[in-house]
Each structure stands twice: as C-alpha cells, then as structure tokens.
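The values are calculated or read from the model by the stated rules, or taken from the named source; none is laboratory data. Computed from a prediction, not measured in an experiment: that's the story for all the values here. Cβ sites come from the backbone with ideal geometry, for glycine too, and all protein chains shown count toward neighbours.
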Amino acid sequence: MASSLFINTVHVCFESVLAMDNAGMVVMFESLVDTGLKGFLGCPAVIHESALLEFFANGSVRDGLVVSTVNGVTVEISEQLFAETFELPVEGLIDLSEIPKDLVFDARSFVSLYGEPAGSFDAITQEKFLMMAAITCGVRINWNRLLFNIFKDKVTPGSRQAKGYAIKISLLLENVPNLELGESSEFPSDMAIFDFCVTFWPK
C-alpha cells in the first residue's frame, strides 16, 4: 500500500474515543464534534488504493474544481460537494490568522505548559496549531473552505503538499456515477485514533 497516501491522514473512531474513561480526552473529542468535523475525521475508513493513485496522477484544479480521470471516468469535485459529503460548516473565519490574538496566546501558553517552546512553530506547524486553537477555543471556522483549499493544494501538480486525504477521496470517488473502483481495503487500524491510542494522556 502506498505510504504517501497516508501522510497527514487522520481518522478518528469517535464511537471508541467518546466512550473512554477519561473525562478530559472525551471533552477534547466532543469539541471536534461540536465544531462540525466529525463527518470529515470519522467518515467510513475504506481505501481504494489503485483508484487513489490514478486520481492523483491525473488530478488538477480547474475553475475552482478538483478534477481527475479514474478508469476512464471524469471526476469533478466541487466545494459544495465536499461540504455535503462531509457535512462541514460553511460559515465562519476563512483565514486562521484572524483568530483573536488573546485566544492564540492562551493556546500557546497551554502548549508551552506541556513542554513545547511557544516560539518553535514553523509555517506548517503554525497552521496546525491555529487549527487546534480554533477547535479548543470554539472559534467559528468555515472548515469546508479551509479543508477544500488544502485538498486543492494536494492535487495541484508540483505541489509540495503531501497527498493524504486517502479516506476522504475514497469516499468522494464512491459517489461518482458509473465509476468502478475495484478492490478496497480498510484504513490501517494502527494509524487510526482509538481509545487505546490516547490512554497515556493525564486524567
């Protein structure tokens, strides 16, 4: 299985993590549900590897659409289809840099408390940190626009973005009419987030 497809791919088994005997962690995962990310992070974990490889090989962005050809069938994914598939919020901030600075400061202080120097974030880590700050502090984010833009970067030829989104793209491809996807496999369980993956967290 192509490992590049799983870089930056996150899948959460919400049924498992929300039943943990760890109130702090349950609250954290409930915040993901509250922000509207459950459909994106917890969608069915099925992989169509050969179709994914062909999707990325032929993928590009045209007029705001992610387009590709898989098994001779044209695939077009719009921002609206992306939102409907994963039930993502479509209102709120689009630029993470607009998150109120006092909330960012509070989040940085929290991270530093757990041993990560507050000034050590590179550009990529900074983006992920701001996402975490938005979720933790309940900032209203247009997650659909934000995640769809990342998706477009992933399929843009020559992009330095890791492929990823394997589970999400597989689900999108399953909904394309007349597209034969061939064999499928489940997302590797050792890469998914279950209750046993986070039991180290302090209660």
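So Val66 clears everything in (1) modelled with pLDDT under 90; (2) of a type outside the set (Gly, Ala, Ser); (3) surrounded by 18 or more Cβ atoms within 10 Å (Cβ to Cβ) except one condition, right? Which one? All conditions pass for Val66, except number (1).
The test for being in contact with a Lys or Arg (Cβ under 9 Å, 6 or more places away or on another chain) and either under 19 Å from Thr156 (Cα atoms) or at pLDDT below 90 (or both) holds for Gly59. Go through region 90-135 and report how many residues are surrounded by 14 or more Cβ atoms within 10 Å (Cβ to Cβ), of a type in the set (Phe, Trp, Tyr) and at pLDDT 60 or above. Residues meeting the conditions: 1. Residues in region 32-57 that are touching a helix residue (DSSP H, G or I) at 6+ places or on another chain (Cβ under 9 Å) and surrounded by fewer than 15 Cβ atoms within 10 Å (Cβ to Cβ): Asp34, Pro44.
Residues considered: Gly36, Gly42, Gly72. Of these, the only one that is without any contact (Cβ under 8 Å) to a residue 40 or more places away in the chain and touching a Phe, Trp or Tyr at 6+ places or on another chain (Cβ under 7 Å) is Gly42.
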